[in-house]
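First the structure, in the form of structure tokens, and then the observations on it.
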Amino acid sequence: MPKPASGPTSSPTPRLPVADGPAKPSSDVSWRWFWPFVAICLVLQAVLAVDCARQWTPTHDEYWHLPIGLRMWKSGRFDDDVINPPPVRLWAAIPLALGGAKPGDIDSRLDVGDIGDAFWKANGDQSRGWFFWGRLMIVPLATLTGLAIVVWSRSWYGERAALISVLLWACCPTALANSAIVTHDLALAAFWTLTLLALARFAERPTWRRAILFGVLLGLTPLTKLTGLILVPLSVVLWFVLRWGTGTRPISPVANSIGVNPASEHLAASSRFRTTFLQWVLAISVSLVVINACYLFRGTGTPLGGLKLASSRLQAAQQVNGLTSLPVLLPTDFVAALDRLSQDLERRHPVYLDGEWSDRPFVRYYAAALSYKLPISTLILVLVSLMSVARPRPNSQDWRHGVFLLIAASILPILASGSSNQIGIRYVLPTIPLLCVFASQSARWLRFEGVSLRSVWTKRLVWAMLIAAPLSLRFHPHHLAYFNVIAGGPLNGRWHLVDSNLDWGQDLYALKTYLDQQHVDDVGLAYFGTVSSDSIGIKSHVPPSRFPQAGWYAISANFVQGRPHAIRGDDGKRQNVDLEQFGYFRFFEPVTTIGYSIYVYRISQQDVARYATALQQLQRE
């Protein structure tokens with residue numbers, strides 16, 4: 001039988017821009033300044049983060065995260081605040097363990113706030129320095145995330161797109177702020193991004209090595225924060241998104257005429273399916289091994305009925321017939337973390353959005369948070385990229401890539417929108433790197449040379465947003481309190497969002513400097529933070545409740561907006577703050593604002609009388 005002639009070969013046709021749309025950027029454009037530009041962006045981000053780490057007071061949760069990491073190194077126990085897995089805390093506490101920091105009392109079981117107090121008391125004036133060293137361990141995670149973004153966007157959309165993505169990441173105040181504090185959120189964003197990148201590589205070319213790498217990262221991600229468990233079912237969905245339409249097609253009559261055996265083709269397809277299934281089994285198995293190894297396999301295999309669980313959901317699982325004796329293939333401390341998380345999700349938290357307090361979640365909370373906290377340049381380039389996703393035909397590679405990123409970026413905001421734990425954009429931080437990759441598709445418009453008015457203006461818009469991107473860093477070092485122009489900037493952010501979006505206790509050191517400059521010896525302080533003001537030399541007392549008195553006051557923005565929480569009393573012990581207990585401060589104009597998170601007031605007797613008159617008029621109405 002004569003050998004069939006091969007089809008004609010031709011040189012690749014150059015991609016030409018069409019008159020009404022963007023050109024796809026080539027992925028093999030050589031530019032000598034590519035990696036230097038990437039390095040400049042990531043180094044700038046790291047330098048600014050280090051400067052924030054140097055200036056900021058330990059933030060609310062950070063106050064115990066770092067000391068708990070040190071306690072783990074000293075005691076070998078993982079049962080302090082089990083809701084957060086140990087790796088991030090252990091990683092951040094390495095300089096403290098090597099440098100001789102003192103954990104305080106490690107033999108007693110303490111509340112998380114007391115753990116922070118014990119650490120601060122044991123280390124005295126050195127405490128601030130230890131927190132700085134712990135924060136330095138988090139900064140490289142932002143750089144690692146930036147590199148993953150670059151590799152990802154470069155492989156899918158080209159080098160120009162990669163430069164856009166790293167610029168947006170480096171100029172994101174929320175990402176920068178979270179890279180300067182010892183919390184679990186940036187670590188989750190880093191490994192979430194790496195895991196999905198590994199999944200994309202695994203889906204595009206399944207190999208055993210890629211399956212193992214994906215499995216390792218799939219196991220590491222929930223070890224940064226339990227939210228990472230969402231990646232297990234999400235990865236299955238995203239796998240099919242990338243694989244959709246890439247399978248073997250039916251054998252055509254032409255193929256039959258040249259001797260292709262349909263049976264052998266189906267056999268090969270069955271073999272590929274079996275291999276892929278086994279690769280997935282391997283990946284899931286590796287992830288389980290990674291999780292268990294982190295906890296030294298302590299309690300792995302304990303029957304479900306033998307675990308002490310407090311949440312109603314997991315207790316209900318224990319009551320199911322046949323599950324009681326089922327061995328749990330996870331460490332007991334990890335199961336305890338899941339139990340604590342489930343308990344937290346069952347509780348109601350006060351939620352604030354656009355001037356309104358509620359004990360129920362706002363469905364639009366995280367959509368609003370992203371629209372207020374992301375730079376305008378990022379938001380607009382995401383919208384421009386949506387135009388690009390709509391253009392390719394369904395099941396094309398570009399379409400699959402776009403859908404992959406949109407699903408991956410939207411899953412956390414969608415799930416969190418039904419949760420009552422809506423206290424900060426940090427809970428959906430992994431969304432931001434994915435949006436940077438997605439927005440990088442706007443690079444297609446930079447090569448456009450057509451005459452369509454819409455496309456010309458789109459190209460100009462993209463350039464304008466790239467030039468304006470660094471402007472989001474102009475509020476340095478107050479990146480945690482950043483709000484874009486949609487929200488009215490940091491000064492007006494409190495009318496839209498509070499809590500860790502704005503005020504997480506980061507400016508107590510700056511308040512101390514201001515009070516010293518103004519020679520204020522005693523101040524009424526309602527501080528949304530966990531560091532004791534007395535421990536850094538601020539003499540303070542609790543402000544009057546519900547009604548003002550003359551004097552100097554420093555009130556955290558959260559309490560000005562009415563946030564219920566807790567503060568340090570005059571004796572240094574924590575006491576509860578009710579809803580709107582200090583909301584009356586909204587009536588007065590502050591003397592100054594410390595870092596956009598603490599409002600300083602100097603109230604006179606005339607101000608008190610003016611407030612009383614206004615209150616009487618309001619009551620008569």
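All of the numbers you see were taken from the coordinates with simple rules; none came from a lab. All figures in this text were calculated on a predicted structure; none of them were measured in a lab. Virtual Cβ from ideal backbone geometry, glycine too; neighbours counted across all protein chains shown.
Structure notes:
- Overall form of the stretch 441-598 per C-alpha gyration tensor (a/c, 1.5; a/b vs b/c): prolate
- Taking amide H positions as modeled 1.01 Å from N, with prolines and chain starts lacking one, the residues under 5 Å from Leu497 and 5 or more places away or on another chain are Asp354.
- Angle between the chain longest axis and helix 376-390 axis [Cα atoms, degrees, rounded to 10]: 20
- When both bridge partners sit in the chain, DSSP labels roughly 75% of those beta bridges antiparallel.
- Theoretical gain in end-to-end length, Phe587 to Ile467 [0.36 nm per residue, Cα-Cα removed]: 39.2 nm
- For the chain, the longest principal axis of the C-alpha atoms and the axis of helix 185-204 are separated by about 10°.
- For Pro350, net neighbour charge (Lys/Arg +1, Asp/Glu -1) across residues whose Cβ lies under 13 Å away: -1
- Relative exposure of Glu346, Glu159, Glu62, Glu204, judged by other C-beta atoms within 10 Å (fewest first): Glu346, Glu204, Glu159, Glu62
- Directionally averaged projected area (convex hull, Cα atoms, the chain), nm²: 36.0
- For the stretch 351-387, the set of chymotrypsin sites (Phe, Trp or Tyr not before Pro) satisfying both a DSSP loop assignment and a count of at most 11 other C-beta atoms within 10 Å is empty.
- Spin-label pair Glu621-Asp105: with each label point 7 Å from Cα along the Cα-Cβ axis, the two points sit 5.3 nm from one another.
- For the chain, with +1 on Lys and Arg beta carbons and -1 on Asp and Glu, the positive-most of Ser420, Trp130, Ile149 along the dipole: Ile149
- Over the chain, dividing the summed -39,500 (n - 2.57) contributions of all DSSP H runs of at least 4 residues by the number of residues returns a 222 nm mean residue ellipticity of -16000 deg cm²/dmol.
- Cβ-based net charge around Leu70, under 10 Å, with every Lys or Arg adding one and every Asp or Glu removing one: +4
- The overall shape of the stretch 258-371 is oblate: from the C-alpha gyration tensor, with semi-axes ordered a ≥ b ≥ c, the ratio a/c is 1.5 or greater and a/b is no larger than b/c.
- Annotation: amide H of Thr300 within the under-5 Å range of Thr332, sequence separation 5 or more or interchain, hydrogens built in the peptide plane.
- Taken about its Cα centre, the chain carries a charge dipole of about 2360 debye when Lys and Arg each add +1 at the Cβ and Asp and Glu each add -1 at the Cβ.
- Simple Cβ-charge dipole of the stretch 137-248, Lys/Arg +1 and Asp/Glu -1, about Cα centre, in debye nearest 20: 300
- For the stretch 556-621, diffusion coefficient by Stokes-Einstein and Kirkwood Rh (Cα), 10 °C, 1.306 mPa s, µm²/s: 119
- Each of Asp570, Asp114 has some number of other Cβ atoms within 10 Å of its Cβ, and from fewest to most they run Asp570, Asp114.
- Exposed-site-free run, longest, the chain (rule: trypsin sites (Lys or Arg not before Pro); DSSP loop; at most 16 other C-beta within 10 Å): 110-297
- Cα gyration tensor shape of the stretch 143-243, rounded if a/c is under 1.5, else prolate or oblate by comparing a/b with b/c: oblate
- Neighbour-count order for Ser342, Ser396, fewest beta carbons within 10 angstrom listed first: Ser396, Ser342
- According to the calculation over all Cα-Cα pairs in the stretch 507-620, the P(r) per 10 Å bin from zero is 14, 48, 31, 6, 0 %.
- Share, in percent, of DSSP beta bridges within the stretch 507-620 that are antiparallel, nearest 5: 70
- With the convex hull drawn around the C-alpha atoms of the stretch 56-137, the volume per residue stands at 81 Å³.
- Given +1 at the Cβ of Lys and Arg, -1 at the Cβ of Asp and Glu and no other charges, the dipole of the stretch 507-620 around its Cα centre is 300 debye to the nearest 20.
- Neighbours of Thr57 by Cβ distance under 12 Å: Lys/Arg scored +1, Asp/Glu scored -1, total +1.
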